[in-house]
């Protein structure tokens, strides 16, 4: 296996720095066009539901907390049920099917709490907010009929997102720069590795095994 001279390789990379910069610029331009012309912005709005207690004393016991925590998983599934989401579609007069809406709604339990977070993703930031709030409202209205208890309270209502959730220009720019850098360096390395031409007198000594007695400098036209 042919050994690689690190110093020689670094010198070669320095001589091809323009190729690397060109590759970084090319990937950056392609990435920019993708972000601004192809990638569609999506917005997220979230609302939070709190599981409360439903007893006559008004005192929350340790047993109540455990029951609520066990219900979080069940309630999360009910949020995305047809009973709830079909009512949301009807109330908001959405031009969506149940399957299309369920893909926009994400329900997650906040770890080790009695909180359920409902997050809606849509290209229309106003609509995302409306769907999130309506889903929480319909769910809180349906629970008393399903479980015959009123232990759900809307803690935080959804607000209109200020920025897209799927577009982060600084982060994406760094990714494009790194990708361009890797591709540029990879291309230069491949050319260097498979280039069999003699680049220096030291290479002749290494390949032939004989000492170099002298070299002839390149003569330029018009030079003295």
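The values are calculated or read from the model by the stated rules, or taken from the named source; none is laboratory data. Note that the structure is a prediction, hence the values are computed from the model and not measured. All Cβ positions, even for glycine, are placed from backbone atoms using ideal geometry, and neighbour counts span all protein chains on display.
A few notes on this one:
- Candidates 178, 183 - the one that is loosely packed, with under 14 Cβ neighbours inside 10 Å, under 37 Å from the mean Cα position of the chain (by Cα) and modelled with pLDDT of 90 or more: 178
- Hits in the stretch 68-109 - residues which are under 23 Å from the mean Cα position of the chain (by Cα) and free of Cβ contacts under 8 Å to residues at least 12 places away in the same chain: 100, 103
- Of the helices (runs of 4 or more DSSP H) entirely within the stretch 66-183, those holding at least 1 residues that are out of contact with any helix residue (DSSP H, G or I) (no Cβ under 6 Å at 6 or more places or on another chain) and within 30 Å of residue 35 (Cα to Cα) occupy 98-104, 125-147.
- Qualifying residue in the stretch 122-137 (condition: in contact with a strand residue (DSSP E or B) (Cβ under 7 Å, 6 or more places away or on another chain), under 16 Å from residue 74 (Cβ atoms) and touching a residue at least 40 places away in the same chain (Cβ under 8 Å)): no
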